Every structure is written in structure tokens, then in C-alpha cells.
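This report refers to the structure that appears directly beneath it.
The values are calculated or read from the model by the stated rules, or taken from the named source; none is laboratory data. This is a predicted model, so every value here is computed, not measured. Using ideal geometry, Cβ is built from the backbone for each residue, glycine included, and neighbour counts are taken over all protein chains shown. We work out accessible area using only protein heavy atoms, side chains counted, and drop any ligands, DNA or RNA first. Shrake-Rupley method; radii C 1.70, N 1.55, O 1.52, S 1.80 Å.
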Amino acid sequence: MALRGQAFEQNQMGIASILAIGPDYSAKEALTWFGQAAQQGYAPAQVNLAVMHINGWGTPVNYGAALRWLRAAADQHFARAYYNLGILYLEGQGVRPDFEEASRWFQKGAEAGDSSAQTNLGYMYDQGLGRQRNTSTAATWYGKAAGAGNALGENNLADMYLRGDGPQDNAAAFRWFRESAVQGHTGARIKLGYMYAEGRGTGKDPEAAYAWITAASLAQDPRGKDLLRSLETVLKPEQIARARQRASSLLLEREQQLSAKAFAQ
């Protein structure tokens, strides 16, 4: 069907190619399929083609091409295009950094239901970037993203509960850090380990703390190394061994979760 020019199937072939599902798939193959569907005006493929150009997958980095395809998808009111345009303005990729413009695109994406745009709009309010700082509004958008299962939104909402921007609620912080940690967010895994180590929002469990922080460390996030050393002074060798085995399992679970979620369907 893709060979016959069906845009949806061309986009799906592109996703299969970039994820290398099969021996003959590759980034260049993905670029070709996304390009064919994008030329037909299929908005998800236009966004995916832009992502390829932004990251230099199968082609040299080309922010001009990325902007052109994202704007084409945005003209069709495709929410993921709004989010990606916001990222470009937030990070100054191919354009001058512009927090107000980034916020404007995140707002459009958030209102259209894109959970990543909701998370980033919450961040803009949380940090006062391009918007007047408003932690209540930030929490609202983080909450919408968390409710949709966005791992970063869950982590950021938990962090607000933990530090007391709004109501301080250890139990809510623990719950949302756990939701995010299960999805593999390394920052949430470290914070969840901290909650277990301190007994905040849950009972003290240094072995569980060690497992979650070690899982983050295995994923190349070393920010919990000091707490790991502290936990090693209170854990028995057999507890450390069990925790490390659990951490390895958590890392494998995360790798098995890798899918096409980063791409527009």
C-alpha cells in the first residue's frame, strides 16, 4: 500500500525504518518514506521528516527544511508540530531563541492536547520563561500532562509537590515520581530513591532506594551517586546484590519499552 502511494502506510514504513524493525530498514529509508508522505500533505509525516532534519538522521542537519515542514503541519493544526516549533524557539535551533514565541507554540500544542507541549508550557510558567511565573498554572499544565501519562510531566508535578510550590504533599510526590520512574525517567528514579531512603510519602526502604537510584546510574545518570554511597553504609551485601539485580531488570524493562512513541503516527 505504501508503494501504491498511501500516505498513512508510507509514514508507518518510515517509522519502522527509523526503528530498524527488520534487516533492510535504515534512517535513509525512513527519510524516503516520510518524504513521500509529507509531499502528499500528510501532517504526521511532515513532522517526522522535520525531526529527521533536526537530528541529522539519514540526512545532514537542516533547520530550514525542518521549519518548513513543521509550519506545513502546523497550518493543518497538527498538535505535534506546535510542540516541535516551540522546542526550536526554546533552544534557538535554526531561529533566534525566543521564550515568548516558544510559549506561544507550546500553548497551541497544549490546548490541542499534546502532553509534551503541556509539560513544556508548565515549565515556562514554572520558570517564568516568556510568561509571568505562576506556579499554580504550571501545576495545572503539569497535571494535564501527567494525567495523559507523560513521564516528564509526572516528574515535574511530583517535584512541585515535593518542594511545596503550592501544597506540599509527600504522598502525591511519591506517587507521581513512581509513575514517572516506571516509565524510565532517570530523574524520577533518583527522586523516588530519595523518597524511599528518607521515608517521605512512603515507609523507609533503603534497598528499594538503592535499586531505583542504581537503575538511573546504569542509564548514565550519575546524579544519585552520593546517596548510593550513603546507602551502602546501611545495607548488607546481600541487600546490595538484590538491589543491583532489580536495577538491571528495571533497565531492561525500559529498553523493552522503546517504541515509536517519539514519532507522529
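Convert 4 °C to kelvin, take the viscosity as 1.567 mPa s, use the Kirkwood radius over C-alpha pairs of the stretch 1-75 as Rh, and evaluate the Stokes-Einstein diffusion coefficient in µm²/s, rounded to a whole number. Write down the numbers at each step before the final one.
Working: Rh = 11.8 Å.
Answer from the Stokes-Einstein relation: 110 µm²/s.
Could you calculate the FRET efficiency of residue 245 with residue 163 from 1/(1 + (r/R0)^6), where r is the beta carbon distance between them and R0 is 25 Å, rounded to 0.05? Don't skip to the answer; put the middle values down first.
Working: r = 32 Å, r/R0 = 1.29.
Efficiency computed from Cβ-Cβ geometry: 0.20.
Could you name the aspartates and glutamates whose alpha carbon sits less than 16 Å from that of residue 144, not counting residues in the same chain fewer than 8 places away?
Cross-link targets: 111, 114, 126, 154, 159, 179.
Solvent-accessible area per residue for the chain at a 1.4 Å probe radius, Å²?
Details: 12980 Å² over 265 residues.
That works out to 49 Å² for each residue.
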